[in-house]
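Novice: Pasting in a structure now, in structure tokens, and then I'll have a few things to ask.
The values are calculated or read from the model by the stated rules, or taken from the named source; none is laboratory data. As the structure is a prediction and not an experimental result, all values here were calculated from the model. So basically every Cβ, Gly included, is an ideal-geometry build from the backbone, and we count neighbours across all protein chains shown. Please note that ligands, DNA and RNA were not included when accessible areas were found on the heavy atoms of the full protein model with its side chains. Shrake-Rupley method; radii C 1.70, N 1.55, O 1.52, S 1.80 Å.
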Amino acid sequence: MKRIYVSCTERVIGERYVSDLVLLDLDKNWILASRPIEIGVDDPTFKVEQSGSSYGGRGVCWHRGELVLAIHPCFLHVLDPDTLETRSVRRVDEAKEIHYIRSHDDVLHLCSTWSNSVVRVDGGRVTSELVLGDDVRPHVSEHRAQRPDYQDHLHFNAIAWHPSTGDEYHLYSHPEIIYNWTQREITWKGSQDSKGAHDLCFLDDQRLVLNSSWERETQILHLDTGEIECVYEEPGKTQLPFDVDHAKVGWLRGLVVNHHNEVMLVTAAPGLLRVLELETWKLVKSMSFSTHPFCAPFDIALHPEDW
């Protein structure tokens with residue numbers, strides 16, 4: 001059994017704001033459990049987004065032996081790992097527009113695109129730090145001049161730690177920048193080849209993996225050269241429509257590397273899981289877990305007992 005948790009976002013204009021968290025068994029190509037993720041229109045944090053809803057599941061990870069799911073806009077649910085039922089809920093207002101969440105050194109780290117902050121939850125203590133360093137500001141000003149609609153939005157969406165030094169790295173989508181927060185230095189400034197950058201994880205000391213959602217590619221950044229290498233592109237991407245009722249068909253979100261099983265897992269809209277063999281980058285398995293046209297996968301977590 002190879003259990004995988006996938007959180008999803010429902011991208012559709014209308015009154016139905018429901019998405020799902022699914023528990024998959026990769027060995028059997030089977031959905032073991034599924035639970036709806038819904039935020040009601042009477043919630044004071046709810047607002048209709050004319051460009052398509054982005055409500056529902058966000059980051060998902062294991063933290064201190066518990067499965068934690070982030071739900072838009074700022075909720076953390078501790079779940080039963082088998083039934084997916086909610087055991088407890090915590091609201092973290094400092095982490096509005098929550099995106100990816102990761103556990104590191106026994107601290108839960110939340111990426112807030114609303115405040116451009118990393119919010120750290122250590123037991124009952126919550127701290128929030130702005131991610132925008134002085135050396136990033138000129139690049140942000142340049143991007144804002146080109147895209148005035150993103151005046152106050154860096155889209156800080158992912159966080160990762162260097163496997164040897166422990167340095168903390170942040171990913172901003174607007175503009176595309178990977179920032180070494182520990183050293184306060186820009187590691188990489190993106191280009192047209194990496195538009196809509198999401199997800200971030202280390203493959204080894206010299207290689208970072210990310211998803212370029214707009215290009216529908218999974219890419220590797222070589223830290224020693226600064227070069228970007230495409231290792232996977234969603235099949236038929238040139239034939240895919242850019243947007244189908246806001247489901248963004250073919251967009252890649254969700255990324256995890258598992259060295260023990262020598263695989264990398266990526267999710268794509270709508271409702272698709274891709275399994276790649278490390279180093280050869282051969283697509284070795286695919287699984288469809290939703291036929292709903294608005295199902296946009298967001299994040300992946302692996303069951304520690306299986307992987």
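Table: residues versus (1) at pLDDT 85 or above; (2) open to solvent by 70 Å² or more (accessible area, probe 1.4 Å); (3) more than 23 Å from Ile186 (Cα to Cα).
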{"position": "His77", "(1), (2), (3)": "yes, no, yes"}
{"position": "Glu85", "(1), (2), (3)": "yes, yes, yes"}
{"position": "Ser88", "(1), (2), (3)": "yes, no, yes"}
{"position": "Gly124", "(1), (2), (3)": "no, yes, yes"}
{"position": "His139", "(1), (2), (3)": "no, no, no"}
{"position": "Gln151", "(1), (2), (3)": "no, yes, no"}
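Novice: While we're here: For the range 269-306, how many residues are assigned to a loop (DSSP other than H, G, I, E, B), touching a Lys or Arg at 6+ places or on another chain (Cβ under 9 Å) and farther than 22 Å from Ala158 by Cα?
Specialist: So the count comes out to 3.
Novice: Within the bounds of the range 273-284, is there any residue that is under 19 Å from the mean Cα position of the chain (by Cα), open to solvent by 30 Å² or more (accessible area, probe 1.4 Å), within 29 Å of Glu97 (Cα to Cα) and not basic (Lys, Arg)?
Specialist: For the range 273-284, residues under 19 Å from the mean Cα position of the chain (by Cα), open to solvent by 30 Å² or more (accessible area, probe 1.4 Å), within 29 Å of Glu97 (Cα to Cα) and not basic (Lys, Arg): absent.
Novice: If you don't mind, another one. So, Tyr100, is that one under 26 Å from Glu129 (Cβ atoms), open to solvent by less than 10 Å² (accessible area, probe 1.4 Å) and at pLDDT 95 or above or not? Give the steps one after another, and end with the answer.
Specialist: Values: under 26 Å from Glu129 (Cβ atoms): yes; open to solvent by less than 10 Å² (accessible area, probe 1.4 Å): yes; at pLDDT 95 or above: yes.
When the stated conditions are applied, Tyr100 passes them.
Novice: Among the numbered criteria (1) within 17 Å of the chain's Cα centre (by Cα); (2) of a type outside the set (Lys, Arg); (3) modelled with pLDDT under 90; (4) within 24 Å of Leu265 (Cβ to Cβ), which one does His174 miss?
Specialist: Unmet condition: (4).
Novice: So, in the range 103-116, exactly how many residues are among the small types (Gly, Ala, Ser), touching a Cys at 6+ places or on another chain (Cβ under 9 Å) and surrounded by fewer than 21 Cβ atoms within 10 Å (Cβ to Cβ)? Before you say what the answer is, go through the steps one by one.
Specialist: From the range 103-116, those among the small types (Gly, Ala, Ser) are 103, 112, 115; that's our starting set.
If we keep only those that are touching a Cys at 6+ places or on another chain (Cβ under 9 Å) too, we end up with 103, 112.
Now restrict to residues that are surrounded by fewer than 21 Cβ atoms within 10 Å (Cβ to Cβ): 103.
Here the count works out to 1.
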